[in-house]
Amino acid sequence: DAGVTQSPTHLIKTRGQQVTLRCSPKSGHDTVSWYQQALGQGPQFIFQYYEEEERQRGNFPDRFSGHQFPNYSSELNVNALLLGDSALYLCASSMGPNTGELFFGEGSRLTVL
Amino acid sequence: QQQVKQSPQSLIVQKGGISIINCAYENTAFDYFPWYQQFPGKGPALLIAIRPDVSEKKEGRFTISFNKSAKQFSLHIMDSQPGDSATYFCAAARSGAGSYQLTFGKGTKLSVIP
């Protein structure tokens with residue numbers, strides 16, 4: 001049973017560029033949440049997708065956007081990258097939006113130069 | 001505004017000892033309190049979680065103690081083992097909003113030495 005898979009695992013971008021990160025949820029899960037984890041910090045909630053709609057959003061600017069596909073997979077897009085966007089981006093899936101039992105992927109490590 | 005404060009930042013425990021990590025929260029609307037374990041290069045994994053209607057929950061060597069009046073909760077790891085060496089995060093969430101948004105503490109790096 002495959003868990004949450006994320007791609008790419010590592011990537012390097014320069015300031016002002018755009019990036020797309022991808023996530024496939026655990027089998028049987030239909031809800032995807034994205035978190036940003038800066039070095040030495042706890043994860044911070046970006047947004048959650050369910051039924052192809054953004055259900056809830058954390059305190060992140062509009063440069064951060066997402067999408068969920070009919071097969072429940074999801075993308076996180078970040079435009080106009082800043083140095084401060086360098087972080088580990090974690091995708092978490094769950095069975096429905098109303099559960100706190102999240103299963104996290106291993107993350108995508110983004111470095112912005 | 002840090003809504004979940006976690007301490008200590010790092011912890012060294014002898015094998016067989018008890019590891020204790022504490023968290024305090026501010027938002028009284030929180031009603032779900034999980035603990036996650038993260039190994040280097042891996043994503044966080046859910047260890048154990050508690051709701052405010054109980055004061056303690058135990059699963060194997062891991063116990064959560066919850067004090068609603070003090071707005072504090074803690075993780076106890078009994079008989080700590082070197083394999084428990086990892087970073088532990090407490091978190092809190094409010095249900096009933098149609099979705100769960102976890103607010104995490106900053107983490108505690110636990111090292112269990114033989």
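The values are calculated or read from the model by the stated rules, or taken from the named source; none is laboratory data. This one's a predicted model, so the numbers in the text were calculated from it and none came from an experiment. Neighbour counts run over all protein chains shown; Cβ positions are idealised from the backbone, glycine included. Only protein heavy atoms, including side chains, enter the accessible area calculation; ligands, DNA and RNA are left aside. Shrake-Rupley method; radii C 1.70, N 1.55, O 1.52, S 1.80 Å.
Select from the range B:88-114 the residues that are open to solvent by 40 Å² or more (accessible area, probe 1.4 Å) and closer than 21 Å to residue B:19 by Cα and list them in ascending order. Steps first, answer last, please.
The first filter runs over the range B:88-114 and keeps only residues open to solvent by 40 Å² or more (accessible area, probe 1.4 Å), leaving B:94, B:96-97, B:101, B:106, B:109, B:111, B:113-114.
B:106, B:109, B:111, B:113, B:114, listed by residue number.
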Unique residue being open to solvent by 60 Å² or more (accessible area, probe 1.4 Å) and closer than 27 Å to residue B:10 by Cβ when the list is A:51, A:106 | A:106
May I ask you to verify whether residue B:32 is open to solvent by less than 50 Å² (accessible area, probe 1.4 Å) and more than 15 Å from the chain's Cα centre (by Cα)?
-> no
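Only one residue in B:84, B:79, B:53 is modelled with pLDDT of 95 or more and more than 15 Å from the chain's Cα centre (by Cα). Which one? So that I can check it myself, show each step before the final result.
Values: B:84 fails: more than 15 Å from the chain's Cα centre (by Cα); B:53 fails: modelled with pLDDT of 95 or more.
Answer to the selection: B:79.
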Six or more apart or on different chains, Cβ under 7 Å: which pairs go from a residue in the range A:78-89 that's over 13 Å from residue A:107 (Cα atoms) to one that's acidic (Asp, Glu)? Could you list them?
-> A:78/A:85
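Confirm whether residue A:20 is more than 30 Å from residue B:48 (Cβ to Cβ), of a type in the set (S, T, N, Q), in contact (Cβ under 8 Å) with a residue 40 or more places away in the chain and open to solvent by less than 60 Å² (accessible area, probe 1.4 Å). Let's see the steps before the verdict.
Numbers: more than 30 Å from residue B:48 (Cβ to Cβ): yes; of a type in the set (S, T, N, Q): yes; in contact (Cβ under 8 Å) with a residue 40 or more places away in the chain: yes; open to solvent by less than 60 Å² (accessible area, probe 1.4 Å): yes.
Yes: the conditions hold for residue A:20.
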Within the bounds of the range B:77-91, is there any residue that is within 14 Å of chain A (Cβ to nearest Cβ) and touching a Cys at 6+ places or on another chain (Cβ under 8 Å)?
-> yes
Give the residues of the range A:23-45 that are open to solvent by 70 Å² or more (accessible area, probe 1.4 Å) and of a type in the set (Gly, Ala, Ser), sorted by residue number.
-> A:27
So which residues in the range B:11-36 are more than 14 Å from every other protein chain (Cβ to nearest Cβ) and in contact with a Leu (Cβ under 9 Å, 6 or more places away or on another chain)?
-> B:11, B:12, B:13, B:19, B:20, B:22
Return only the number of the condition from (1) under 27 Å from residue B:5 (Cβ atoms); (2) without any contact (Cβ under 8 Å) to a residue 40 or more places away in the chain; (3) of a type in the set (Phe, Trp, Tyr) that residue A:35 does not satisfy.
-> (2)
Quickly run through the range B:76-87 and pick out the residues that are in contact (Cβ under 8 Å) with a residue 60 or more places away in the chain and surrounded by fewer than 12 Cβ atoms within 10 Å (Cβ to Cβ).
-> B:82
In the range A:40-63, anything more than 11 Å from chain B (Cβ to nearest Cβ) and in contact (Cβ under 8 Å) with a residue 24 or more places away in the chain is listed as A:60
Filter the range B:37-75 down to the residues that are without any contact (Cβ under 8 Å) to a residue 12 or more places away in the chain and under 14 Å from residue B:102 (Cβ atoms), then identify the one that is farthest from the other protein chains (Cβ to nearest Cβ).
-> B:45
